[in-house]
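Novice: Here it is, the structure, as structure tokens.
The values are calculated or read from the model by the stated rules, or taken from the named source; none is laboratory data. Keep in mind the model is a prediction, meaning the values are calculated, not measured. FYI the Cβ positions are ideal-geometry reconstructions off the backbone, even for glycines, and counts take in every protein chain you see. These area figures cover heavy atoms from the full protein model, side chains too; ligands, DNA and RNA do not enter into them. Shrake-Rupley method; radii C 1.70, N 1.55, O 1.52, S 1.80 Å.
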Amino acid sequence: MHGDDEEPAYIPQIGDPHKFIKAVDLIYSGINTPKGLGIEFGSNAKKDKDLARRGDYLGRPIMEIGLAERSHLEKQTSSIYVLTDRGERIAQSNDQETRERLLAEALLGFYPVQKIIEETTRGDKELTKELIQEIITLVTFGDCGGTTNPRRASSLRALVNWVSRWAGIPIRREGNDGVQLYIPYIYAN
């Protein structure tokens, strides 16, 4: 679910933001199928569908945060990823800080990240896996089940930690009394 939308959100299973940037670079360079991304990210799967599933672990989240869209080719059953304007700006930039800022902006527009940051800044909740799993259940209309939900909660926590650190957003961390400021903001006026 995306805020007021009725469509459930796809929760990433990968928490390393730099892998999202690498996926954007690969799509920009023409490796734009789920199978191609799966191969580039080191899948050892033997079947095409399993390679494609691995690629979708990166392709779907970058679509969800607005860096790419899926396009179906004529007369083919498979699809390709096509970068949005923001995705292209990330791929075309030579400045790592700009690339990370654009990714952080995209993540800040992702409803589950917004909800977690809201709960850990305005609310009295700490950034715990339990809170994240609760939000995942809320935004996906149910439970992923099995080992998937804890894995997605870990990934989402890593992304929230990264984006809040990058953007300087003080959040309430697990086990801390109050909101934790990042070092550059402790000494700020």
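Novice: Looking only at the range 57-90, which residues are at pLDDT 90 or above and among the acidic types (Asp, Glu)?
Specialist: Selection gives 64, 69, 85, 88.
Novice: Now a separate question. Considering the range 61-85 alone, what residues qualify as being of a type in the set (D, E, K, R) and open to solvent by less than 70 Å² (accessible area, probe 1.4 Å)?
Specialist: Within the range 61-85, just 64 meets the criteria.
Novice: Determine whether residue 34 is crowded, with 20+ Cβ neighbours inside 10 Å and out of contact with any Gly (no Cβ under 9 Å at 6 or more places or on another chain).
Specialist: In short, no.
Novice: Same structure again: What's the number of the condition residue 102 fails, among (1) surrounded by 13 or more Cβ atoms within 10 Å (Cβ to Cβ); (2) in contact (Cβ under 8 Å) with a residue 40 or more places away in the chain?
Specialist: Evaluating residue 102 over (1) surrounded by 13 or more Cβ atoms within 10 Å (Cβ to Cβ); (2) in contact (Cβ under 8 Å) with a residue 40 or more places away in the chain leaves (2) as the failure.
Novice: Does residue 99 count as touching a Ser or Thr at 6+ places or on another chain (Cβ under 7 Å), assigned to a helix (DSSP H, G or I) and at pLDDT 85 or above?
Specialist: Yes: the conditions hold for residue 99.
Novice: From the set of residues in the range 119-149 that are at pLDDT below 80 and in a helix (DSSP H, G or I), which is least open to solvent (accessible area, probe 1.4 Å)?
Specialist: Taking the candidates together, the pick is 149.
Novice: Would you tally the residues in the range 6-31 being of a type outside the set (D, E, K, R), open to solvent by 40 Å² or more (accessible area, probe 1.4 Å) and within 16 Å of the chain's Cα centre (by Cα)?
Specialist: Of the residues in the range 6-31, 2 are of a type outside the set (D, E, K, R), open to solvent by 40 Å² or more (accessible area, probe 1.4 Å) and within 16 Å of the chain's Cα centre (by Cα).
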